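The values are calculated or read from the model by the stated rules, or taken from the named source; none is laboratory data. All values derive from a computational prediction rather than experimental measurement. Backbone-built Cβ (ideal geometry, glycine too); neighbour counts: all protein chains shown.
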Amino acid sequence: MLDTLKPIPPDAILGIMVLYRADQAPNKVDLSVGVYQDEAGRTPVLECVKRAEGEVYSAEDSKTYVGIAGNPGFNRGIEELLFGSGHPALADGRVATVQTPGGSGGLSVAAHLMHRANPDTRVWLSKPSWPNHLPLLRLAGLRLEHYPYYDQRAKRVDFEAMADAVGRIGSGDSVLIHGCCHNPCGADLSQAQWQALADLCERHGVVPFIDFAYQGLAEGLEDDAYGVRLMAERLPEVVIVASCSKNFGLYRERVGAVCVVSPDRERNLRVASNLSNIARGIYSMPPDHGAAIVARILSDAGLKALWMEELEEMRLRLNGLRTLLADKLAERGTSTDFSFVANERGMFSFLGISREQVIRLREEFHVYLVESSRINVAGINQRNVDYVADAIAAVLQA
Ligand code: PMP
């Protein structure tokens, strides 16, 4: 039976990781990683997490399963983060939330729900999008299409083209939108663009499917939720997937959620039962530890305040590094204007350089990025920023 399997080439980013590890150069720089790093190049456990973890550990008196829908305190906390308190969808009892193994688990459960509701559902993904959207959604049986999103030459969202494509999506189909900190391009929708998109979805019966993996890392916890809250106010059906990997730094604990807004309570109950049934069919019960930590943090005023401080520190560091890199490149008089790096948000941006230039950065300067020229801004720090800027300027010159 196993003979029919064809080997799958390893992930391109993992290949770069291997090359980076093997590189002995003391000045090597890794801008390819997918996780947040601090000034010292570490991905630390947040202090609020350490404290909450201690409390969870000492209070825990059983390892029996949590329910299929997960930790109710976690689900409530996530709903409040996403919607803010008093949001009409929450007040009307039209939101069903299930704790999932990471945002990836949430995307998978959401995709199965859409496919179960209608096996012909088509989902439109931004061009480009997070590469893992493809296998996650395809494995659930969804048919995938693409809408234009990032204009590589103008270095901005091509909203006209996006709106034109969304306007042609059929009723009942879905458009997947990055809530903020677009991965991989860093270019987010403005509030006016979210409003225009809500109008389009409303007019054409398109279901917004929002992947919200970076809340708090663009403009702040509240501002980043603008699109989610607007869509949930304006549209009868919205699917939202949240991840606590980045904003709580809980990557390996696998903490996320899927939240579905329904038009009324009756349909909400049906959605909730289907979400639980799908989760049961994929992994049966979610892991507890990370969600228990998040629930603790969100229900304790002191821990929550500490988390918000730590999150703000990460956000300000990312945005500060963006400005710093753009300034350093401007000082070097590069032919390309890199001010877009300062305007984009989150961990990722495309430098917009060629594949050959990416390879030169790696082979001559030991600066590693993925071949699409996507960089993780968090890999830059005060010690390496001049070196990185010099290296980029050098490959642009020759
Ligand atoms: N969506 C996007 C756009 C992401 O970048 C990520 C993480 N890289 C995720 C979802 C899911 O992350 P996780 O499964 O670790 O929560």
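Taking the stated definitions as given, is A272 modelled with pLDDT of 95 or more, within 16 Å of the ligand (Cβ to nearest atom) and buried (at least 17 other Cβ atoms within 10 Å of the Cβ)? No.
Filtering the stretch 216-234 to residues that are within 22 Å of S262 (Cβ to Cβ) and under 19 Å from the mean Cα position of the chain (by Cα) leaves A225, Y226, G227, V228, R229, L230, M231, A232. Scanning the stretch 88-108 for residues that are among the β-branched types (V, I, T) and more than 12 Å from the ligand (Cβ to nearest atom) gives V95, T97, V98.
Scoring V18 on the criteria (1) farther than 24 Å from A389 by Cα; (2) surrounded by fewer than 13 Cβ atoms within 10 Å (Cβ to Cβ) leaves a single failure, condition (1).
On the stretch given as the stretch 118-144, residues that are surrounded by fewer than 16 Cβ atoms within 10 Å (Cβ to Cβ) and away from the ligand (no atom under 16 Å from the Cβ) total 5.
Considering (1) closer than 30 Å to E364 by Cα; (2) of a type in the set (G, A, S); (3) within 16 Å of the ligand (Cβ to nearest atom), the lone condition that A22 does not fulfil carries the number (3). With respect to the conditions (1) within 14 Å of the ligand (Cβ to nearest atom); (2) surrounded by 21 or more Cβ atoms within 10 Å (Cβ to Cβ), L113 lacks only one, and its number is (1). Just one of the listed residues (F348, F340) is surrounded by 16 or more Cβ atoms within 10 Å (Cβ to Cβ), within 26 Å of G15 (Cβ to Cβ) and in contact (Cβ under 8 Å) with a residue 60 or more places away in the chain, and it is F348. Of the set (1) under 22 Å from G105 (Cα atoms); (2) modelled with pLDDT of 95 or more; (3) of a type outside the set (G, A, S); (4) out of contact with any helix residue (DSSP H, G or I) (no Cβ under 7 Å at 6 or more places or on another chain), all apply to V35 but (4).
Kindly check whether there is at least one residue in the stretch 383-392 that is within 27 Å of the chain's Cα centre (by Cα), surrounded by fewer than 22 Cβ atoms within 10 Å (Cβ to Cβ) and among the small types (G, A, S). Within the stretch 383-392 (the criterion being within 27 Å of the chain's Cα centre (by Cα), surrounded by fewer than 22 Cβ atoms within 10 Å (Cβ to Cβ) and among the small types (G, A, S)), the answer is no, since none of the residues qualifies.
Can you confirm whether A154 is assigned to a helix (DSSP H, G or I) and either more than 16 Å from the ligand (Cβ to nearest atom) or not assigned by TED's automatic domain parsing to the domain that holds K246 (or both)? No, not satisfied. Contact map, the stretch 159-187: residues that are under 23 Å from D120 (Cβ atoms) paired with residues that are more than 11 Å from the ligand (Cβ to nearest atom) and among the basic types (K, R), Cβ distance under 7 Å, separation 6+ or inter-chain. Pairs shown: D173/R122.
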